[in-house]
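J.: Before anything else, here's the structure in question.
The values are calculated or read from the model by the stated rules, or taken from the named source; none is laboratory data. Small disclaimer: the values here were computed from a predicted structure and weren't measured. Glycine also receives a Cβ, built like all others from the backbone with ideal geometry; neighbour counts cover every protein chain displayed.
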Amino acid sequence: MIPPRVLTVAGSDSGGGAGIQADLKTMLALGVHGMSVITAVTAQNSLGVQGAWELPVAAVVAQYRSVVDDIGVQAVKTGMLASAELVEAVAELIAGTGVPAVVDPVGVSKHGDPLLAASALDSVRTRLLPAATVATPNLDEVAQLTGLRVESEDGMREAATAVLAYGPKWVLIKGGHLPSPGEAGRDGGRGTGAGAGARAVDLLTDGTEEHWLRAPRHSNRHTHGTGCTLASAIAAELAKGRSVPEAAAAAKSYVTGAIAAGFALGAGIGPVDHAWALRGPGGAG
């Protein structure tokens with residue numbers, strides 16, 4: 001049997017923790033066939049991004065058409081698109097493909113390095129988000145796109161409404177940066193600590209239905225690639241035929257396990273462990 005096929009349109013992470021590399025690892029772990037359109041090449045490690053070079057629009061379009069026209073896809077996921085020209089080209093491609101599209105509106109890296117030109121933000125709002133089945137911004141990306149600073153779960157509702165106004169069918173507001181009760185002031189107020197009972201909460205909504213996705217917040221700081229992994233997991237589950245709420249819940253569960261199993265690489269922030277579920281209860285091996 002041919003497995004479901006998912007196409008990621010994103011940048012390459014030379015350190016292997018995020019971007020195209022994280023996407024393909026996630027897709028393999030979740031039982032779908034991953035394919036890739038590389039939009040940019042980065043020099044990147046556990047300490048940050050040392051350089052980034054975007055590919056010409058013609059090269060991105062050629063990769064996309066090569067895969068879709070011959071092999072076909074059941075879902076598409078987008079990540080780092082860098083420039084307005086790339087955003088607009090990719091938005092046109094996915095709008096014409098007719099399959100679920102998960103848009104991760106990547107703005108900055110885990111280390112705070114910019115991955116999207118300021119001039120591209122309007123193209124994300126007006127061209128890319130309207131083509132999305134699901135948009136998956138974190139709280140920093142919400143602020144970039146809408147100007148809203150989210151500091152509470154109620155604020156996540158307001159953020160979701162603001163992002164939905166740009167046209168995606170669903171939005172998943174990722175609350176990983178939101179302090180859990182009792183955590184404010186720790187870890188710079190970013191909610192990266194995990195006391196007893198700490199929860200990581202995301203909000204999925206289409207403006208009518210509302211789904212709060214809650215999971216234990218782990219005290220592991222090795223979380224590089226979390227956003228890429230979540231978006232790719234949603235795309236993989238959609239390609240299997242799951243509904244958006246089912247896909248998001250399954251993806252949340254997978255990412256929670258990957259964060260718990262994250263490991264140190266280099267001198268900085270290590271990656272999540274994409275293979276955690278394949279190892280079984282015994283862990284590594």
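J.: From the list A62, A89, A58, A40, which one is assigned to a strand (DSSP E or B) and surrounded by fewer than 24 Cβ atoms within 10 Å (Cβ to Cβ)?
T.: So the residue among A62, A89, A58, A40 that is assigned to a strand (DSSP E or B) and surrounded by fewer than 24 Cβ atoms within 10 Å (Cβ to Cβ) is A40.
J.: Something else now. Could you please find all residues in region 215-237 being in a strand (DSSP E or B) and surrounded by fewer than 24 Cβ atoms within 10 Å (Cβ to Cβ)?
T.: A215, P216
J.: Quick one: G19 ticks every box in (1) touching a residue at least 60 places away in the same chain (Cβ under 8 Å); (2) over 15 Å from the mean Cα position of the chain (by Cα) except a single one, so which number is it?
T.: Of everything listed in (1) touching a residue at least 60 places away in the same chain (Cβ under 8 Å); (2) over 15 Å from the mean Cα position of the chain (by Cα), G19 misses just condition (2).
J.: Considering region 23-41 alone, what residues qualify as being within 19 Å of V90 (Cα to Cα), polar (S, T, N, Q) and in contact with a Gly (Cβ under 9 Å, 6 or more places away or on another chain)?
T.: T39
J.: Now for a separate question. When G207 is evaluated against the numbered criteria (1) more than 27 Å from G31 (Cα to Cα); (2) in contact with a Lys or Arg (Cβ under 6 Å, 6 or more places away or on another chain); (3) at pLDDT 95 or above; (4) of a type outside the set (V, I, T), which criterion, by number, is the only one it fails?
T.: (2)
J.: Filtering region 238-253 down to residues that are buried (at least 24 other Cβ atoms within 10 Å of the Cβ) and within 14 Å of the chain's Cα centre (by Cα), which residue is farthest from K169 (Cα to Cα)?
T.: Across region 238-253, the extreme among qualifying residues is A251.
J.: Would region 139-146 turn up any residue that is in a helix (DSSP H, G or I), polar (S, T, N, Q) and farther than 25 Å from L238 by Cα?
T.: yes
J.: Same structure again: What residue, among those in region 185-204 that are surrounded by 13 or more Cβ atoms within 10 Å (Cβ to Cβ), more than 24 Å from S243 (Cα to Cα) and aliphatic (A, V, I, L, M), is modelled with the highest pLDDT?
T.: A198
J.: Can I ask one more? Taking A261 as the residue in question, decide whether it is over 22 Å from V171 (Cα atoms) and modelled with pLDDT of 95 or more.
T.: yes
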